[in-house]
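A.B. asks: Next up is a structure, given as structure tokens.
The values are calculated or read from the model by the stated rules, or taken from the named source; none is laboratory data. Here the structure is a predicted model, which is why all the values come from computation and not from measurement. Glycine gets a Cβ as well: all are built from the backbone with ideal geometry, and neighbour counts include every protein chain shown.
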Amino acid sequence: MVSTNDFKNGMGIEVEGQLFTIVEFQHVKPGKGSAFVRTKLKNMATGAVIDRTFRAGEKFRRVRTESKKMLYLYSTPDEVVLMDNDSYEQVSLPLPLVGDSLKFVKENVDVELLSIDGKPASVVPPIFVELAVTDTQPGVKGDTVSGGSKPATVETGAVVSVPLFIKVGEVVKIDTRNGEYVERVSG
């Protein structure tokens, strides 16, 4: 158990059955009334940041969080296999735990494995990835850099919206946080 007096930025706590990390906190001692702690908490499951106020001395279950760099080896229809870069130990994670987080990640790329209380909780891909376009509609005369967009399938099988001038075989940079096209890398 951890008290509000022991809060530190980055600490993991459980509030009302949900897991949060403390983004920032401030102890407040008003002239009247009792002291309280104003916090910004980031939900570990959704990534949403909320503001919460707690009474001074309130206690919460402390959650151990750990982030480890792992190599994404391959996926099967029901699991994802990662390898520890230091010990070469392989870890299999059920597909529902990973969700769509690896849809823009090729095999043999480093990812972050987040663990909560020693149990794998989620996989975080690199922020930007470079992938080749494997299928898209051919460009039409008059396509410009500032024109519209069209769907394109990249080498991982994911579909991303790209500018009209992008052709099959070109490499594009994608932001994995929102799945958006950033720039053309080569072509």
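A.B. asks: Does T39 count as assigned by TED's automatic domain parsing to the domain that holds I22, surrounded by 13 or more Cβ atoms within 10 Å (Cβ to Cβ) and assigned to a strand (DSSP E or B)? Give the steps one after another, and end with the answer.
C.D. replies: Numbers: assigned by TED's automatic domain parsing to the domain that holds I22: yes; surrounded by 13 or more Cβ atoms within 10 Å (Cβ to Cβ): yes; assigned to a strand (DSSP E or B): yes.
So T39 passes the test.
A.B. asks: Separate question: Out of V105, V91, V133, V159, report the one residue that is surrounded by 13 or more Cβ atoms within 10 Å (Cβ to Cβ) and either touching a helix residue (DSSP H, G or I) at 6+ places or on another chain (Cβ under 7 Å) or farther than 30 Å from N43 by Cβ (or both).
C.D. replies: On the way: V105 fails: either touching a helix residue (DSSP H, G or I) at 6+ places or on another chain (Cβ under 7 Å) or farther than 30 Å from N43 by Cβ (or both); V91 fails: either touching a helix residue (DSSP H, G or I) at 6+ places or on another chain (Cβ under 7 Å) or farther than 30 Å from N43 by Cβ (or both); V159 fails: either touching a helix residue (DSSP H, G or I) at 6+ places or on another chain (Cβ under 7 Å) or farther than 30 Å from N43 by Cβ (or both).
Result of the check over V105, V91, V133, V159: V133.
A.B. asks: If you take the residues of region 1-36 that are assigned to a strand (DSSP E or B) and of a type in the set (S, T, Y), which of them is surrounded by the fewest Cβ atoms within 10 Å (Cβ to Cβ)?
C.D. replies: Here the answer is S3.
A.B. asks: Being modelled with pLDDT of 90 or more, polar (S, T, N, Q) and touching a Pro at 6+ places or on another chain (Cβ under 8 Å) narrows it down to one residue among S149, S161; which is it?
C.D. replies: On the way: S149 fails: modelled with pLDDT of 90 or more.
Answer to the check: S161.
A.B. asks: Could I ask something else about it? Mind listing just one residue for me: the one in region 73-97 that is aliphatic (A, V, I, L, M) and outside any strand (DSSP E or B) and, of those, nearest to L114 (Cα to Cα)?
C.D. replies: Within region 73-97, the first condition is being aliphatic (A, V, I, L, M), and the residues that meet it are 73, 80-83, 91, 93, 95, 97.
Right, trim to outside any strand (DSSP E or B) and you get 95, 97.
Values: L95: 15, L97: 11 Å.
Selected residue: L97.
A.B. asks: Next question. Would you mention how many residues in region 54-72 are assigned to a strand (DSSP E or B), over 17 Å from the mean Cα position of the chain (by Cα) and surrounded by 12 or more Cβ atoms within 10 Å (Cβ to Cβ)?
C.D. replies: 6
A.B. asks: Kindly evaluate P120 against the criterion of being under 30 Å from E14 (Cβ atoms) and not in a strand (DSSP E or B).
C.D. replies: Details: under 30 Å from E14 (Cβ atoms): yes; not in a strand (DSSP E or B): no.
No.
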